[in-house]
Amino acid sequence: MGADNVKLSKKELNEYRTKYEISKEKFELVLKNFRKYATRDGRITRDAFKLILGGVMHDDLAEQVFDSFDFDHNGYMDVREYLSMMGVTHGGSLEQKLNASFDLFDKNGDGVLSKEEVKGMFVLIIKQKRAAANPKAPQEELDEKSLQTIQGIVDAVFSRVDTDGNGTIDRKEFLAGFKDHPEVCGFFKQF
């Protein structure tokens, strides 16, 4: 591994740093990490991405994050996609983080969040927290009681945030819901 052809102009690099308000040192570390794991053609595979985040992020969540930032859906993350993901993770405004979280939750890409998508992401978040608390433990499924608790939280979120009552949360409702109901929606901000 190790890509030598990860080339962005100084202008492009500065645009990413400015857009996400990342320090020069952090940005250089992010680029160095990309170059370390990228293939010769300047892309990171899904497996390399999971390797980068190993011990930091549950595999299932890493897969979801990868899919969310693989904008062209080609199964690889190029330097621009990687910098967008790391930009939101290590910097970025609240609005950028919330938009990235919405895109992460919107697994089918239809522009709205269903209860199943929100429940699925909440399950991943719980798995992530468990993995972070005990990285050496095997990654296990949640029990029925945990799933019922999650369903109750999802129902509470929808009762407050789905303002038009259509059974889904669109981006506008999501952004407003986070602002108006931080006690319910705090778990949405994943970056």
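The values are calculated or read from the model by the stated rules, or taken from the named source; none is laboratory data. Owing to the predicted nature of the structure, the values given are computational and were not obtained by experimental measurement. Quick reminder, even Gly has a Cβ in these numbers, built from the backbone with ideal geometry, and neighbours come from all protein chains shown. Protein only, heavy atoms only, side chains kept; ligands, DNA and RNA dropped before computing areas. Shrake-Rupley method; radii C 1.70, N 1.55, O 1.52, S 1.80 Å.
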When the helix-only estimate is applied to the chain (DSSP H runs of n ≥ 4, each -39,500 (n - 2.57), divided by the residue count), what is the mean residue ellipticity at 222 nm, nearest 500 deg cm²/dmol? -19000 deg cm²/dmol
Candidates Lys145, Lys129, Lys119: whichever shows maximal mean-square fluctuation once the chain is modelled as a Gaussian network with Cα springs under 10 Å: Lys145
Given the pairs Lys24/Lys50; Lys50/Lys97; Lys24/Lys179; Lys50/Lys179, which span a C-alpha to C-alpha distance of over 23 angstrom in this model? Lys24/Lys50; Lys24/Lys179; Lys50/Lys179
For Lys10, give me every one of the aspartates and glutamates with a C-alpha distance below 14 angstrom, ignoring sequence neighbours fewer than eight places off in its own chain. Glu28
Projecting each Cα onto the charge dipole of the range 1-117 (Lys/Arg +1, Asp/Glu -1 at the beta carbon, about the Cα centre), which of Leu31, Leu94, Gly111 comes out farthest on the positive side? Leu31
Per residue, how large is the accessible surface of the chain? Use a 1.4 angstrom probe and give square angstrom. 55 Å²
Give the aspartates and glutamates whose C-alpha is closer than 13 Å to that of Lys32, dropping any in the same chain fewer than 8 places away, or say none. Asp4
How big is the dipole moment of the range 1-157 about its Cα centre under a simple scheme where the beta carbon of each Lys and Arg is +1, that of each Asp and Glu is -1, and everything else is neutral? Debye, nearest 20, please. 820 debye
Using a 1.4 Å probe over the heavy atoms of the protein chains, calculate the carbon and sulfur portion of the accessible area of the chain as a whole percent. 51 percent
